[in-house]
Amino acid sequence: MKSIKTIFLLLILFSTPYVQAGWILIEPPREDTSTDLFRLYVDAASIRHHGDRVTVSILMNYKEKTEDNINSALAVDEYDCIKSLVRSRSVVSFTELYGKGLVVREFLTAGAWSKVSPGKLNESVLERVCDFYPNWPQ
């Protein structure tokens, strides 16, 4: 009986969403009400710098499924830490939380650069992934 409990516990631990494995919840600024619809996480292990730019994996979990049956999205975003710009390099939407389930749609080409708006969630991500910018190894 003890081994069944142990197996059950291990199954729970390993089936728990990725959020435990390096995904960091990004708290939105109070004035950004668009984030009432989802929770956004960054994967700390995915942060890579390239000159003045940083790429990072993003996970968005919607609080309710969209009309298109989307419940989560995984993206790779690129930030320009000096110019405060952002663009998505890829976005894949899924029917289940945490990037699971069926793929609803994919965008696998880099989007256009856009300015990071003050007081918005992208500013919180920019600050999180670029906060160590002056200390990057060369």
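Here is how the numbers come out for the structure above:
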item	result
Inter-residue pairs, beta-carbon under 7 Å, first within 19 Å of residue 115 (Cβ to Cβ) and in segment 38-56, second part of a helix (DSSP H, G or I), 6+ apart	40/121; 54/129; 54/130; 56/46; 56/129
Count of residues meeting criterion [surrounded by fewer than 18 Cβ atoms within 10 Å (Cβ to Cβ), touching a strand residue (DSSP E or B) at 6+ places or on another chain (Cβ under 7 Å), of a type outside the set (Phe, Trp, Tyr) and over 16 Å from residue 73 (Cβ atoms)] in segment 111-120	3
Filter result for the condition that a residue is out of contact with any strand residue (DSSP E or B) (no Cβ under 8 Å at 6 or more places or on another chain) and on the phi > 0 side of the Ramachandran plot, over 51, 22	51
Top-ranked residue of segment 73-88 - restricted to ones that are farther than 19 Å from residue 45 by Cβ and of a type in the set (Ser, Thr, Tyr), ranked as surrounded by the most Cβ atoms within 10 Å (Cβ to Cβ)	88
Residues within segment 12-41 that are at pLDDT 85 or above, surrounded by 13 or more Cβ atoms within 10 Å (Cβ to Cβ) and in contact with a Leu (Cβ under 8 Å, 6 or more places away or on another chain), tallied	5
Total residues in segment 80-111, condition among the small types (Gly, Ala, Ser) and either within 19 Å of residue 51 (Cα to Cα) or modelled with pLDDT under 90 (or both)	4
Residue 99 within 12 Å of the chain's Cα centre (by Cα) and in contact (Cβ under 8 Å) with a residue 60 or more places away in the chain	yes
Counted residues, segment 69-79 - those being in a strand (DSSP E or B) and in contact with a Leu (Cβ under 9 Å, 6 or more places away or on another chain)	6
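Residue-by-condition table, conditions (1) buried (at least 19 other Cβ atoms within 10 Å of the Cβ); (2) part of a strand (DSSP E or B); (3) in contact with a Lys or Arg (Cβ under 8 Å, 6 or more places away or on another chain); (4) acidic (Asp, Glu):
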residue	(1), (2), (3), (4)
67	no, no, no, yes
90	no, yes, no, no
102	no, yes, no, no
122	yes, no, no, no
125	yes, no, no, no
128	no, no, no, no
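The values are calculated or read from the model by the stated rules, or taken from the named source; none is laboratory data. Just so it is clear, the model here is predicted, and its values are computed rather than measured. Counting neighbours? That spans all protein chains shown, and the Cβs are built from the backbone with ideal geometry, glycine included.
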